[in-house]
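To keep things clear, I will list the structure first and then write my remarks on it.
The values are calculated or read from the model by the stated rules, or taken from the named source; none is laboratory data. Quick caveat, the model's predicted, so the values are computed rather than measured. Neighbour counts run over all protein chains shown; Cβ positions are idealised from the backbone, glycine included. To get the accessible areas, we keep the full protein, side chains included, count just its heavy atoms, and leave off ligands, DNA and RNA. Shrake-Rupley method; radii C 1.70, N 1.55, O 1.52, S 1.80 Å.
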Amino acid sequence: MKKLLILLIVMTISATIWAQKNPVDEIFEKYSGKDGFTTVYISPKMFSILSGMNTEDKDYQNLMSRLKSIRILSENSDSLRIPTHFGKELLKLLPAAGYEDLMLVKDQNKEVRFMILEVKGRIAELVMVSGGEGSTVVSITGDLDLKTIADMSDKTGIEELKDLDKVDKK
Amino acid sequence: MDQKEARRILSKYYEGTTTEKEESALIEYFSGENVPEELYVEREWFRNYSGIKIPDPSDDFYSRLNAVTGDDKSLIVKGSTRFLWYYRIAATVALIISGYLIVHSLNSKPAYMKDTYNDPQLAMAEVRRVLNEVSLNMKKGTEGLPALKSMGEAQSALETFKSASHTAVKSVEGLKSNFNKTRTEGKQ
């Protein structure tokens, strides 16, 4: 009887510890679907399709096969609404969850901070938090190679991005 | 035995550490006349009850005791076993519920975790846009790095110059020794 009780207590405690969510997950769950916020999610299943697509760029194809998911949460800069500054809220929580600072880019009226989460010596998540009129959080997960990601802008032509204006986000 | 000694043995008696000899000394002391009034209770005890002999239990005492208590089912309180079963059932139910909750939370996904784009082409375009934005911001953050890179080049150039100067010094020393050698040979 005592053993059963101890087992139950241990299970409850471990479940409570285990149930503590990653701060990025928490922020997404808190604000996604709410008025004034836009969420974009590209799932691992979609990335498996993308990595199988024929492209001439081998580096790009390789990168697609290593990415697992992309999540974007952005706050629409709506003058009628008071901004929540959830980016700042998130930045406070990330160091405690094991995220490390990668870099901070300061512009005239914008601040972009990069944070990474390492698992077994590999970068498992890259979080980009940008503040300003409306915060944006981008979380990229997978087996990440920062150099390849940083070099992406050399390869992506602006022409390819024009089609995005036609896309309706959910 | 004086009063002081009697008090010492008495305290031992209350602790239960007296020997039979000490106990008989106490009985002897309290049966005497010189017992102070404050030890009245002890005096009465030793005079009247200390001689009572408590009989040892007979050999079959425990077997008879077991015959009465051990096998008699009516002596077991039924309520306690019933409660034990309630506890067991409650604990099992709690285990099943917690197990279900853990499995459920493992499998359930938040509402936002649904692909925004069903068309891979659109998803690809969005991925490119995001990666481009991330890349541009990263580039901004590493703009200062080319200067550091050239500093590294300067360092390596300095190393080459150092090794070249070493070789030159060695050659000069070689020439010097050769010159000295030929001069001594000429003198001879």
TODO: Give the residues of the range B:104-126 that are at pLDDT 85 or above, part of a helix (DSSP H, G or I) and more than 7 Å from chain A (Cβ to nearest Cβ), sorted by residue number.
DONE: B:GLN121
Open item on the list: Given the criteria β-branched (Val, Ile, Thr), farther than 26 Å from A:VAL129 by Cβ and either under 17 Å from the mean Cα position of the chain (by Cα) or open to solvent by less than 80 Å² (accessible area, probe 1.4 Å) (or both), does A:ILE49 qualify?
Closed with: yes
Task: Among (1) within 10 Å of chain A (Cβ to nearest Cβ); (2) at pLDDT below 85; (3) closer than 17 Å to A:PRO44 by Cα, the one test that B:LYS140 misses - done: (3)
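Residues are listed down the side, and each one gets a yes or a no for (1) among the aliphatic types (A, V, I, L, M); (2) in contact with a Leu (Cβ under 6 Å, 6 or more places away or on another chain); (3) more than 11 Å from chain B (Cβ to nearest Cβ):
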position	(1), (2), (3)
A:ASP35	no, no, yes
A:ASP57	no, no, no
A:ARG66	no, no, yes
A:LEU102	yes, no, no
- [ ] Kindly check whether there is at least one residue in the range A:80-101 that is of a type outside the set (Val, Ile, Thr), in contact with a Gly (Cβ under 9 Å, 6 or more places away or on another chain) and closer than 17 Å to B:SER135 by Cβ.
- [x] no
